[in-house]
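Note sheet for the following structure.
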Amino acid sequence: MPTALRIGIIGGGIAGLTAAYRLARQGHRIVLWERQRQLGGQAAAFPLLGTALEYFYHHLFLSDRDIVRLLEELGLADRLVWLPSRVGFFARGRIYPLSSALDVLRLGVVPLPDRLRIGLVTFYLQHVRDWQRFEYVTAEQWLRRWVGHRAFERVWGAQLHAKFGPRAGDVAMAWFWNKIYLRTQSRRSLFERERLGYILGSFNVLIDSLAAAIQEAGGAIHSGVGVEAIVRHENSWLVRDSSGATTLVDVIVATVPSPLVAKLFPQLPETYRHKLLGTTYQAAVTLLLQSRHRLSDIYWLNIGDPDLPYTGIIEHTNLIPPSYYQGRHLIYVSKYVEQSHPYLALRDEEVLAAALHHLPKVNPSFSPEWIEDYWVFREHAAQPIVTLRYSEQIPEHRTPLPGVYVANTAQIYPEDRGTNYSVRLGNVVAAMIADDLRQGRIAPSTRVSGSSDR
Ligand SMILES: Cc1cc2nc3c(=O)[nH]c(=O)nc-3n(C[C@H](O)[C@H](O)[C@H](O)COP(=O)(O)OP(=O)(O)OC[C@H]3O[C@@H](n4cnc5c(N)ncnc54)[C@H](O)[C@@H]3O)c2cc1C
């Protein structure tokens, strides 16, 4: 009896590539489809200034152990650097440093008693382990109660609004707890600045290495080719892609956003489809500026000021020095919006013009002359919205369809989505498939002829 499965992976982001890598090394025959011409999904990078840079800003936390282990396994550990970062909060027209516990006590946007409450609540949340009770209360309800209305509205409420807009009130406390809890894992002590990780040469170093390992193990990667339709064919799945080709596989791993999984598999039973279609996402629009000068000395600037209509400003070259980028400063101006928001439809020049108007608020000496080049990137499924009782709504990795698995960012919980967790998704689903094969829940089709028209 053959034991090698024909496995189709939909999506060449970090989750799809990790799953493909693990399964190819188990001896299975892999076909991976990626709709974009480039692999890497949300973590991909493009060539810039003699190196490469992510379309969307990226760093790692010290708690991101799965991706660090994968980098070590691929012989890339020496490319990973850990550097101190500076965090800030923009409110009431100025930047407040927010890198340490002492900075919280100096956060002048609220009076001292409010700062003490924020400090105490932060300390408390850092030590909570039984997060499950936070599934039943929204972040807004819980935080208003414990830090008070004024502190909530000026600090955490303002940040929630900057990320989730009109959906801010729906976000569960479980999501917020995790942000505070994990972030402090990147700090050795309360008074030390957090350290963040970055792969020198960009996440493409990891993406390229995974792709090479998949191909070395005999896997096929079709980039620039999206999966369009899937039908059951005897004991296999027949996959039709955007090149018009069809491929027969025994097993499918879908790493694409949940609503797209529902569309690709109309035969899924209603209860499972309901979970897929119940997932909603915030979109992200990121403007990347190549500047002659530094905008501020902060790496990660959270925004809680209605006069500056962005979610954050991430000055990449305040983490990785400008010397890596021919002396240029690289600044991401990031805005999360609902998927129907008109900002997503603005032309690139309009996105730039708006930012040039607003950036002097961050640094009064900023001038449009500083900008040598700019790019605008958009991602529709950037952030799953974690609502109340989210755990009950997550679709299982094993779907009710034979040999069909889902591994996407909406299943990451209680942690927030991130490259580390997409590596974990890939690892988990590959181990699940190995187990299902051992247990006889899935099996290679015995039909060998006519398996693909590729
Ligand atoms: C603005 C922003 C900032 C971020 N910052 C960080 C950070 O600092 N640190 C961090 O760790 N993470 C960060 N992330 C998150 C991280 O990039 C993602 O969570 C992770 O890369 C998701 O990987 P994935 O493989 O699960 O999904 P994706 O990267 O979304 O991959 C899914 C892939 O499926 C492809 N696809 C879609 N439809 C089809 C189809 N029909 N056929 C074939 N392929 C298809 C897509 O093109 C995509 O490549 C950030 C994300 C954004 C948007």
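Would you mind calculating the gained length between Asp416 and Ala229 on full extension (0.36 nm times residue separation, minus the Cα-Cα distance), in nm to one decimal?
Contour length minus the Cα-Cα distance gives 64.3 nm.
Between Tyr124 and Arg150, what length in nm is gained on full extension when 0.36 nm per residue of separation is reduced by their alpha carbon distance?
Roughly 7.4 nm would be gained on extension.
Going by amide H atoms built from the backbone, whose H comes under 5 Å of the H on Ile9, apart from near neighbours?
Residues meeting the amide H criterion: Val31, Leu32, Trp33, Val253.
Please work out how much length the chain gains when fully extended from Lys361 to Leu401, using 0.36 nm per residue of separation minus the C-alpha to C-alpha distance, in nm with one decimal.
Between Lys361 and Leu401, full extension yields 9.0 nm more.
Helix 173-184 sits at what angle to the longest principal axis of the chain, using alpha carbons and giving 0 to 90 degrees rounded to 10?
On a 0 to 90 degree scale, this one is about 80.
Would you please classify the overall shape of segment 1-81 from the alpha carbon gyration tensor, given that a ≥ b ≥ c denote the square roots of the eigenvalues, rounded means a/c under 1.5, and beyond that prolate means a/b larger than b/c while oblate covers the rest?
Oblate, because a/c is 1.5 or more while a/b does not exceed b/c.
Can you run phi through the Karplus equation (6.51, -1.76, 1.60; θ = phi - 60°) for segment 227-239 and list ³J(HN,Hα) in whole Hz, with x for Gly and Pro?
The phi angles translate into 7, 10, 7, 9, 10, 6, 9, 6, 9, 10, 10, 9, 9 Hz.
Which one, Pro360, Leu276, Leu62, is farthest towards the positive end of the dipole of the chain when Lys and Arg carry +1 and Asp and Glu -1 on their Cβ?
It is Leu62, whose Cα lies furthest towards the positive end.
Among Gln393, Gln36, Gly75, pick out the residue whose Cα is farthest towards the positive end of the charge dipole of the chain, where Lys and Arg carry +1 and Asp and Glu carry -1 on C-beta, about the Cα centre.
Gln393
Quick one: compute the contact order of the chain, relative version, from alpha carbon pairs under 8 angstrom and 6+ residues apart, as a percent.
The value is 25 percent.
Helix 204-216: angle to the longest alpha-carbon principal axis of the chain, degrees 0 to 90, nearest 10?
So the inclination is approximately 10 degrees.
Can you work out the base-10 log of I(q)/I(0) for segment 100-192 at q = 0.10, 0.18 1/Å, using the Debye formula on its C-alpha atoms alone?
-0.24, -0.83
Per DSSP H run of at least 4 residues, take -39500 (n - 2.57); add these up for the chain, divide by its residues and hand me the 222 nm value, nearest 500 deg cm²/dmol.
Details: 12 runs with 131 residues, N = 454.
Computed ellipticity for the chain at 222 nm equals -8500 deg cm²/dmol.
Which order do Met173, Met432 fall in if you start with the one that has the fewest other Cβ atoms within 10 Å? Can you show the working numbers first?
Working: Met173 22, Met432 18.
So the residues, fewest neighbours to most, are Met432, Met173.
Around Pro322, what is the net charge, scoring Lys/Arg as +1 and Asp/Glu as -1 over all other residues with Cβ under 12 Å from its Cβ?
+2
Which ³J(HN,Hα) values, rounded to whole Hz and listed in residue order, are derived for segment 417-426 from phi using the Karplus coefficients 6.51, -1.76 and 1.60 in 6.51 cos²θ - 1.76 cosθ + 1.60 with θ = phi - 60°, glycine and proline given as x?
3J(HN,Hα) across segment 417-426, in whole Hz: 4, x, 4, 4, 7, 6, 4, 4, 4, x.
Report, ordered by chain and residue number, the lysines lying within cross-link reach of Lys263, taken as a straight Cα distance under 26 Å and ignoring same-chain residues fewer than 8 apart.
Partners found: Lys275.
Considering the alpha-carbon set of the chain alone, what are its Rg and its Dmax in angstrom?
Spelled out, the Cα radius of gyration and Dmax of the chain are 22.8, 75 Å.
Do you know the relative contact order of segment 100-192, to the nearest whole percent, from alpha carbon pairs under 8 angstrom that are 6+ apart?
The normalised contact order for segment 100-192 reaches 39 percent.
Please give every one of the lysines within straight-line cross-link reach of Lys179, meaning a C-alpha to C-alpha distance under 16 Å, and leave out same-chain neighbours fewer than 8 residues apart.
Partners within reach: Lys163.
Run the dipole for the chain about the Cα centre, Lys and Arg Cβ at +1, Asp and Glu Cβ at -1, nothing else charged, and hand back the magnitude in debye, nearest 20.
Roughly 840 debye for the chain.
When His316, His127, His222, His293 are ordered from fewest to most other Cβ atoms inside 10 Å of their Cβ, what list results?
Details: His316 22, His127 8, His222 19, His293 15.
Ranking His316, His127, His222, His293 by Cβ neighbours within 10 Å, fewest first, gives His127, His293, His222, His316.
Out of all DSSP beta bridges in the chain, what portion is antiparallel? Express it as a percent rounded to 5.
Details: 54 of 74 bridges.
Antiparallel: roughly 75 percent of the beta bridges in the chain.
Given Cβ point charges of +1 (Lys, Arg) and -1 (Asp, Glu) and nothing else, what value in debye, to the nearest 20, does the dipole of segment 100-192 about its Cα centre take?
Around 140 debye, computed over segment 100-192.
Give, rounded to the nearest 20 debye, the magnitude of the charge dipole that segment 200-316 has about its Cα centre when Lys and Arg contribute +1 at Cβ and Asp and Glu contribute -1 at Cβ.
That gives a dipole near 220 debye.
Bear in mind that the values in this text are calculations on the coordinates, not laboratory data. The shown structure was predicted, so the numbers you read here are calculated from the model rather than taken from an experiment. Using ideal geometry, Cβ is built from the backbone for each residue, glycine included, and neighbour counts are taken over all protein chains shown.
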